[in-house]
Amino acid sequence: MTVTDEQRTIVTAPAADPAPLGLAAFALTTFLLSAANASWMTKATGDAWLGYAFAYGGLCQLLAGMWEFRNRNVFGATAFSTYGGFWIGLALWALLVAPKAASATAATHDLGWILLAFAIFNTYMLLWSTQTNAAVFGVFLTLELTEIILFLGNFASSSGTVKLGGYVGVLTAAVAWYASAAGVVNGMGGSLSLPVGGPLMRPRR
């Protein structure tokens with residue numbers, strides 16, 4: 001008796017939880033850009049985020065998203081893959097498009113449209129994050145505020161509003177780092193753990 005391809009079942013072991021990596025990559029890159037937006041990098045170029053937008057916030061988040069697909073986590077796969085693409089796209093825009101902008105206003109309006117588009121995406125991810133845990137919900141909530149403040153500031157060419165967005169972005173990075181740290185230590189199965197809270201809304205069974 002032969003077993004056809006349609007009858008054969010291949011079982012693969014799940015990957016380790018990639019969420020702590022994705023959250024850490026998001027947190028660090030967000031922190032670097034937000035520190036520049038908050039005008040903290042007065043003695044630096046302000047472009048420290050660029051390389052990490054490609055290598056860490058971009059590539060590592062994209063990899064985390066692919067591993068979440070393997071783990072059948074549609075929320076994590078969508079979130080990490082999208083924001084990995086966000087960082088790569090933003091870095092490409094900063095290097096290739098912004099220098100050729102007709103004016104500074106045109107460049108800031110570009111940023112406004114980019115951030116508005118991702119705020120729309122983040123809105124429904126914020127809603128669905130209520131079914132994960134409080135730490136992840138906190139990441140999407142602070143990120144939502146950051147994106148809204150920044151797209152308003154860029155459309156209005158308001159440096160003060162962008163600076164405020166930088167402060168909220170630093171808070172977003174801190175919350176993401178906490179969620180990442182919790183994912184690492186809780187996944188190790190040792191005696192130490194960090195609370196992440198339960199879901200605000202119970203997912204349907």
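Every read-out reported here was derived from the displayed coordinates using simple, explicitly stated rules and does not represent laboratory data. Predicted model only: the values in this text are computed from it and were never measured. FYI the Cβ positions are ideal-geometry reconstructions off the backbone, even for glycines, and counts take in every protein chain you see.
Before moving on, here are some points about what is shown:
- Checking LEU95, LEU59, LEU50 one by one, the residue that is out of contact with any His (no Cβ under 6 Å at 6 or more places or on another chain), over 21 Å from GLY187 (Cβ atoms) and without any contact (Cβ under 8 Å) to a residue 40 or more places away in the chain is LEU59 and no other.
- With respect to being crowded, with 17+ Cβ neighbours inside 10 Å and hydroxyl-bearing (Ser, Thr, Tyr), THR105 falls outside the description.
- Residues (under 15 Å from the mean Cα position of the chain (by Cα) and crowded, with 19+ Cβ neighbours inside 10 Å) located in the range 110-120: LEU115, PHE118, ALA119
- Unmet requirement for ALA176, which otherwise passes all of (1) without any contact (Cβ under 8 Å) to a residue 60 or more places away in the chain; (2) within 19 Å of the chain's Cα centre (by Cα): (1)
- Scan the range 90-109 for residues that are within 25 Å of the chain's Cα centre (by Cα) and closer than 16 Å to SER159 by Cβ and the total you get is 3.
- Extreme residue, farthest from SER34 (Cα to Cα), among residues of the range 74-105 that are among the polar types (S, T, N, Q) and touching a helix residue (DSSP H, G or I) at 6+ places or on another chain (Cβ under 8 Å): THR78
- Residue check for LEU164: part of a helix (DSSP H, G or I) and in contact with a Gly (Cβ under 6 Å, 6 or more places away or on another chain): no
- Looking across the range 121-155, just one residue is within 16 Å of LEU90 (Cβ to Cβ) and surrounded by fewer than 17 Cβ atoms within 10 Å (Cβ to Cβ), and that is PHE121.
- Qualifying positions in the range 115-139 - touching a residue at least 60 places away in the same chain (Cβ under 8 Å) and assigned to a helix (DSSP H, G or I): THR130, GLN131, ALA134, ALA135, VAL136, PHE137, VAL139
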